[in-house]
Amino acid sequence: MRIGVDIGGTKIEAAALDADGTIRWRQRAATPQGDYAGTIATVQALVAAAEAEQGQARSVGIAIPGMLSPETGLVKNANSTCLIGRPFDRDLETALNRPLRFANDANCFALSEATDGAAKGAAVVFGVILGTGVGGGVVVHGRVLTGPNAIAGEWGHSPLPWPRDDERPGPPCYCGKNGCTETFLSGPGFARDHHTATRIEADAGTIAAQAAAGDREAQDSLARYVDRLARGLATVINLLDPDVIVLGGGVGQIEALYDAVPQRWGAYVFSDKVATRLVPPHWGDSSGVRGAAWLWETR
């Protein structure tokens, strides 16, 4: 048995997988907001509950909403800001009294889908998180690509490509810059753009549903989002040329994206034909925790 833990902004999920990847146990708990010690205690309690139910785990992997700096060993770039600047790996290993493996949550998502999900068998996979933030993970021949700066796949903090005049300088981002891809393509970014155009408050799922029902203003907002996502992913294709791109996160559940975005990205990709496939995740919101569990199998 192997255990995966996925630490998110609102929930922490743990799951126990057997040798063939079947989830034998799964449990979620609310993320203690702004509470570093509480986060460690919650992970500790979930792992203890899994082992009480399923027996001692052979390995435990952790998906975190950020990454461990190769320079300092401390967490950086985390939207769960209580983790930033902390030796989270060492503190959690002490709490659980065992070695652990850690990876960015988007990397775990990509690894899960590349291992036994929607991109199984693909040589190069780009996993996308479109949720409260925008993240990405790269898997090459079954292994997570991290990079010397531990930021491989972080396309959310590159500027939105080919910006229109009305997209400059772009909304402010928590990273301190303006116009990051995340500010346009996150769920809150989608909602903000719709509100700016219509003065209507609605989340991404509601906008998509209204567009499908024929609401013209919602259709216009969705069309802007599709074009921006096509531009953003076109730069990924130009750089990585992945076989498969898998969309995760809440916004990734919008079905219209899977037909509409590939119809648009050909205008931006530097190729006469785009063979890259855009697919929904096979494992849905379980991909992060599954990928965390697979970390010991692929390194």
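Just one residue in the set 231, 264 is free of Cβ contacts under 8 Å to residues at least 60 places away in the same chain, of a type in the set (Lys, Arg) and not assigned by TED's automatic domain parsing to the domain that holds residue 62; that residue is 264.
Within the range 203-210, the presence of at least one residue that is charged (D, E, K, R), over 30 Å from residue 139 (Cα atoms) and either touching a residue at least 12 places away in the same chain (Cβ under 8 Å) or assigned by TED's automatic domain parsing to the domain that holds residue 129 (or both) is confirmed. Selection over the range 37-61 of residues that are within 13 Å of residue 24 (Cα to Cα) and of a type in the set (D, E, K, R) gives a count of 2. Taking the range 131-143 as the range and being touching a Ser or Thr at 6+ places or on another chain (Cβ under 7 Å) and not in a loop (DSSP other than H, G, I, E, B) as the test, the residues that pass are 134, 143. Among the candidates 30, 41, 49, 16, the residue that is out of contact with any helix residue (DSSP H, G or I) (no Cβ under 9 Å at 6 or more places or on another chain), assigned by TED's automatic domain parsing to the domain that holds residue 86 and of a type outside the set (Phe, Trp, Tyr) is uniquely 49. Restricting the search to strands (runs of 3 or more DSSP E) fully inside the range 1-40 and requiring at least 3 residues that are more than 18 Å from residue 91 (Cα to Cα) gives 11-17, 23-30. Within the range 208-221, the set of residues being of a type outside the set (Ser, Thr, Tyr), crowded, with 20+ Cβ neighbours inside 10 Å and more than 21 Å from the chain's Cα centre (by Cα) comprises 211, 218. The condition (being within 17 Å of the chain's Cα centre (by Cα), at pLDDT 95 or above and not polar (S, T, N, Q)) is satisfied by just one residue among 119, 103: 119.
Taken over the range 175-190, the residue count meeting the criterion of being surrounded by 24 or more Cβ atoms within 10 Å (Cβ to Cβ) and in a helix (DSSP H, G or I) is 7.
As a summary of the residue check, residue 150 satisfies the conditions (1) at pLDDT below 95; (2) assigned by TED's automatic domain parsing to the domain that holds residue 43; (3) in contact with a Pro (Cβ under 7 Å, 6 or more places away or on another chain) except for the one numbered (2).
If you go through the range 137-147 and keep only what is buried (at least 22 other Cβ atoms within 10 Å of the Cβ) and at pLDDT 95 or above, you end up with 137, 138, 139. Selection within the range 31-47: residues that are at pLDDT 95 or above and of a type in the set (Gly, Ala, Ser). The member of this set that is surrounded by the fewest Cβ atoms within 10 Å (Cβ to Cβ) is 37.
Please pick out the residue among 138, 134, 144 that is in contact with a His (Cβ under 9 Å, 6 or more places away or on another chain), of a type in the set (A, V, I, L, M, F, W, C) and assigned by TED's automatic domain parsing to the domain that holds residue 173.
Details: 138 fails: in contact with a His (Cβ under 9 Å, 6 or more places away or on another chain); 144 fails: in contact with a His (Cβ under 9 Å, 6 or more places away or on another chain).
Criteria check complete, one pass: 134.
When the range 81-105 is filtered for residues that are surrounded by fewer than 21 Cβ atoms within 10 Å (Cβ to Cβ), in a loop (DSSP other than H, G, I, E, B) and not basic (Lys, Arg), the ones remaining, listed by number, are 84, 85, 87, 97, 99.
Among the residues of the range 1-26 satisfying the criterion of being without any contact (Cβ under 8 Å) to a residue 40 or more places away in the chain and within 20 Å of the chain's Cα centre (by Cα), which is surrounded by the fewest Cβ atoms within 10 Å (Cβ to Cβ)?
Looking at the filtered set, the residue picked out is 10.
Look through the range 240-265, keep the residues that are closer than 17 Å to residue 206 by Cα and of a type outside the set (Asp, Glu), and return whichever of them is surrounded by the fewest Cβ atoms within 10 Å (Cβ to Cβ). Here the answer is 256.
The values are calculated or read from the model by the stated rules, or taken from the named source; none is laboratory data. These numbers come from a predicted model, not from an experiment. As a convention, Cβ positions derive from the backbone with ideal geometry for all residues, glycine included, and neighbour counts pool all protein chains shown.
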